[in-house]
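Encoded as structure tokens, the structure appears first; notes follow it.
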Amino acid sequence: MSDVPLTAATPDVLIVGAGPVGLALANDLLRRGIRCRIIDSALQAEQKTKAVGIQARTLELFTKMGVARTAIEHGLTASFTNTYSGGKLLIRIDFGKHLLRTPYPYILLLPQHETEHMLTEHLQSQGGAIEWRRELVQLTQDEEGVEAVLCHPDGQEERVRVGFVVGCDGAHSTVRHVLGLQFAGTTFERSFAVGNVRLTWDLPSEEIFFFLHQGNFIAYFPMADGHHRVVIAYEPSKAPTGDVTLEAKKGWDPGNGRSWVPRVSPNCAPQYV
């Protein structure tokens, strides 16, 4: 595979990607006594809100890891979602009436960077650590396991042999590309503006709200620090090209909103090898 010497001490599992998925997997493996190593090509953890919603099933898994209580203490629980269109309430969902088989009948709203911080601390308490600035560059698989070549920050390469490699590195997964796997599906291009803002309104401050209008929407997700995560979806042709203007944010505080045109891909790999 490579002229790079093979690392002597190798884990059972190599996890590529130290986001919430990779961290959750690493924590769960360690609690089961399975040796793992988690790497990420980034310089360090991001400090952005990004995703905010944690579902009941995830909290049940967090309970087994021993971190559910910490997550709930730092987040905000939303038991209701409300969807409006044309000024009329279309649907109001009470999770307490529908999630009857879980101790967590709500959505926990916790910024992604806080979730990652919590999972990182728990990983460290189990003797694990994230290896930042480590990039996967090559993979080969045989009947006995997987060999991977990793590139270190100084440019040196390391060869490791593990039982499994798990790609938790997102939509642009290096693992998937190295294996030559397709990412089947379609790309739905939509323009969004997001911001963490303080709202002054008469609606309940601990419920989630969606307002629909001719295929567009604006959503409000409350957070524990008193801010709301606001998400506005535009038709691509009507999206602002720079920072969101005060007029575009009419009705919500001119906080740190930013706009961009993401490529939302409801895709998945056809197989796991």
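The values are calculated or read from the model by the stated rules, or taken from the named source; none is laboratory data. These numbers were taken from a predicted model, which means no experiment stands behind them. Because the Cβ atoms are built from the backbone with ideal geometry, glycine has one as well, and the counts that use them run over all protein chains shown.
Residues that are touching a strand residue (DSSP E or B) at 6+ places or on another chain (Cβ under 7 Å) and either under 28 Å from residue 45 (Cα atoms) or among the aromatic types (Phe, Trp, Tyr) (or both) within segment 69-94 comprise 71, 72, 75, 76, 77, 78, 80, 84, listed in sequence order. Residues of segment 162-175 that are surrounded by fewer than 17 Cβ atoms within 10 Å (Cβ to Cβ) and under 16 Å from residue 14 (Cα atoms): 163, 164, 170.
Table: residues versus (1) in contact with a Cys (Cβ under 7 Å, 6 or more places away or on another chain); (2) within 29 Å of residue 174 (Cβ to Cβ); (3) not in a helix (DSSP H, G or I).
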{"position": "77", "(1), (2), (3)": "no, no, yes"}
{"position": "97", "(1), (2), (3)": "no, no, no"}
{"position": "101", "(1), (2), (3)": "no, no, yes"}
{"position": "118", "(1), (2), (3)": "no, yes, no"}
{"position": "136", "(1), (2), (3)": "no, yes, yes"}
{"position": "139", "(1), (2), (3)": "no, yes, yes"}
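The criterion of at least 1 residues that are in contact with a Leu (Cβ under 8 Å, 6 or more places away or on another chain), closer than 22 Å to residue 112 by Cβ and at pLDDT 70 or above is met, among strands (runs of 3 or more DSSP E) falling completely within segment 172-256, by 208-213, 216-222, 228-234. For segment 92-99, the count of residues that are surrounded by 16 or more Cβ atoms within 10 Å (Cβ to Cβ), among the small types (Gly, Ala, Ser) and not assigned by TED's automatic domain parsing to the domain that holds residue 195 is zero. If you go through segment 219-230 one residue at a time, how many are closer than 14 Å to residue 111 by Cα, among the hydrophobic types (A, V, I, L, M, F, W, C) and surrounded by fewer than 20 Cβ atoms within 10 Å (Cβ to Cβ)? The qualifying residues number 2.
One line per residue, one yes/no per condition, for (1) in the same structural domain as residue 151 (by TED's automatic domain parsing); (2) charged (D, E, K, R); (3) surrounded by fewer than 22 Cβ atoms within 10 Å (Cβ to Cβ):
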position: 19; (1), (2), (3): yes, no, yes
position: 23; (1), (2), (3): yes, no, no
position: 31; (1), (2), (3): yes, yes, yes
position: 38; (1), (2), (3): yes, no, no
position: 65; (1), (2), (3): no, no, yes
position: 70; (1), (2), (3): no, no, yes
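Of the listed requirements (1) touching a Pro at 6+ places or on another chain (Cβ under 8 Å); (2) modelled with pLDDT of 95 or more; (3) surrounded by 17 or more Cβ atoms within 10 Å (Cβ to Cβ), residue 49 misses just one: (2).
Here's the yes/no breakdown for (1) among the polar types (S, T, N, Q); (2) in contact (Cβ under 8 Å) with a residue 60 or more places away in the chain; (3) part of a loop (DSSP other than H, G, I, E, B):
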{"site": "90", "(1), (2), (3)": "no, yes, no"}
{"site": "93", "(1), (2), (3)": "no, no, no"}
{"site": "105", "(1), (2), (3)": "no, no, yes"}
{"site": "149", "(1), (2), (3)": "no, yes, no"}
{"site": "159", "(1), (2), (3)": "no, yes, no"}
{"site": "170", "(1), (2), (3)": "no, yes, yes"}
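For segment 136-151, which residues satisfy the criterion of being polar (S, T, N, Q) and touching an Asp or Glu at 6+ places or on another chain (Cβ under 7 Å)? 140, the sole residue that qualifies.
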